[in-house]
Amino acid sequence: MSKKIVVAICGASGSIYGIRLLKALLDKQVKVYLIISEAGLRVLEHETGYKAGGKSESFESFLKNQGVLFHKKTRLNRYDQDDFFAPPASGSFRHDGMVIAPCSMKTLGAITSGIADNLIHRAADVCLKEKRLLILLPRETPLSAIHLKNMYKAAISGATIMPPSPSFYFNPKTISDLVDSVIARVLDHLKIEHDLSEEWG
Ligand SMILES: Cc1cc2nc3c(=O)[nH]c(=O)nc-3n(C[C@H](O)[C@H](O)[C@H](O)COP(=O)(O)O)c2cc1C
């Protein structure tokens, strides 16, 4: 049975991480439950050129342009941030983990305060209460004491904090290599085989 992974993209810089993760998961025919926050959409448009409104391209054709292959069995389910009827809003929906890539300081703060006022916060809240894998890629710099405290609160509540810090020991040549070095670690934690980076040693 293919894995089911919830992916959220927030309005922090680095929407490319979310897109690269989607590509890696869909390549492996994982069932993806995607939520992009309203701010996430704005930043995605700014950073990638994707046009969400008006006579825009569909998100699926945007992904295809980003190199995502849509297999016959590809399952990409997308939900609005206000759709509390979506499966990830309920603890009875069993999945194999949730990744927020990138995660804004606002969403981090909402999760660590237990404020579930959009589907991303709610789905993360559900992961913590159900003891499911929740991986956060928080992005901000520099970090205030509030940000650090929230990361600590998320970590002791069961989340995995994985700041998108690319590694340089594999001599990356392109931005894509740097992004892959981060997404490879996410896939390791989701226990999904990949060839995005070599195993050290
Ligand atoms: C271009 C751009 C880049 C941003 N980068 C960050 C960032 O790196 N980290 C962050 O926490 N917020 C960042 N923000 C601010 C968030 O988008 C804002 O706090 C928003 O309310 C987050 O909402 P969300 O968590 O629902 O996506 C950025 C905003 C813009 C317009």
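The values are calculated or read from the model by the stated rules, or taken from the named source; none is laboratory data. What you see is a predicted model; the values in this text were computed from it and never measured. So basically every Cβ, Gly included, is an ideal-geometry build from the backbone, and we count neighbours across all protein chains shown.
Name the single residue that is farthest from Ala124 (Cα to Cα) among those in segment 14-57 being within 12 Å of the ligand (Cβ to nearest atom) and β-branched (Val, Ile, Thr). Spell out the reasoning first.
Pass one, segment 14-57, residues within 12 Å of the ligand (Cβ to nearest atom): 14-15, 17-18, 35-48.
If we keep only those that are β-branched (Val, Ile, Thr) too, we end up with 35-36, 43, 48.
Details: Ile35: 11, Ile36: 13, Val43: 21, Thr48: 26 Å.
Looking at residues that are within 12 Å of the ligand (Cβ to nearest atom) and β-branched (Val, Ile, Thr), I get Thr48.
A single member of Ala8, Ala12 is at negative phi, modelled with pLDDT of 95 or more, crowded, with 18+ Cβ neighbours inside 10 Å and in a strand (DSSP E or B), and it is Ala8.
Which is small (Gly, Ala, Ser) and over 19 Å from Leu25 (Cα atoms), of Ser176, Ser157? First the steps, then the outcome.
Numbers: Ser176 fails: over 19 Å from Leu25 (Cα atoms).
One residue alone meets the criteria, Ser157.
Of all residue pairs spaced 6 or more apart or on separate chains, those with beta-carbon atoms under 8 Å, a first member in segment 72-97 that is among the β-branched types (Val, Ile, Thr) and a second member that is at pLDDT below 95 are Thr74/Leu26; Thr74/Gln29. Of all residues in segment 53-104, those that are in contact with a strand residue (DSSP E or B) (Cβ under 6 Å, 6 or more places away or on another chain) and among the charged types (D, E, K, R) total 3.
Among Leu143, Leu178, which is more than 19 Å from the chain's Cα centre (by Cα), surrounded by 12 or more Cβ atoms within 10 Å (Cβ to Cβ) and over 22 Å from Gly97 (Cα atoms)? Reasoning before the result, please.
On the way: Leu178 fails: more than 19 Å from the chain's Cα centre (by Cα).
Just one listed residue meets the conditions, Leu143.
Within segment 65-80, being surrounded by fewer than 13 Cβ atoms within 10 Å (Cβ to Cβ) and under 18 Å from the mean Cα position of the chain (by Cα) holds for one residue alone: Gly67.
Among the residues of segment 114-154, those identified as under 23 Å from Ile36 (Cα atoms) and among the small types (Gly, Ala, Ser) are Gly114, Ala116, Ala123, Ala124, Ala154.
Reported count of residues in segment 27-59, each being surrounded by 13 or more Cβ atoms within 10 Å (Cβ to Cβ) and part of a helix (DSSP H, G or I), is 12. Of all residues in segment 1-11, exactly one satisfies the criterion of being within 9 Å of the ligand (Cβ to nearest atom) and over 11 Å from the mean Cα position of the chain (by Cα), namely Gly11. So which residues in segment 88-146 are more than 18 Å from Ile5 (Cβ to Cβ), among the basic types (Lys, Arg) and more than 10 Å from the ligand (Cβ to nearest atom)? Of everything in segment 88-146, just one residue is more than 18 Å from Ile5 (Cβ to Cβ), among the basic types (Lys, Arg) and more than 10 Å from the ligand (Cβ to nearest atom), namely Lys129.
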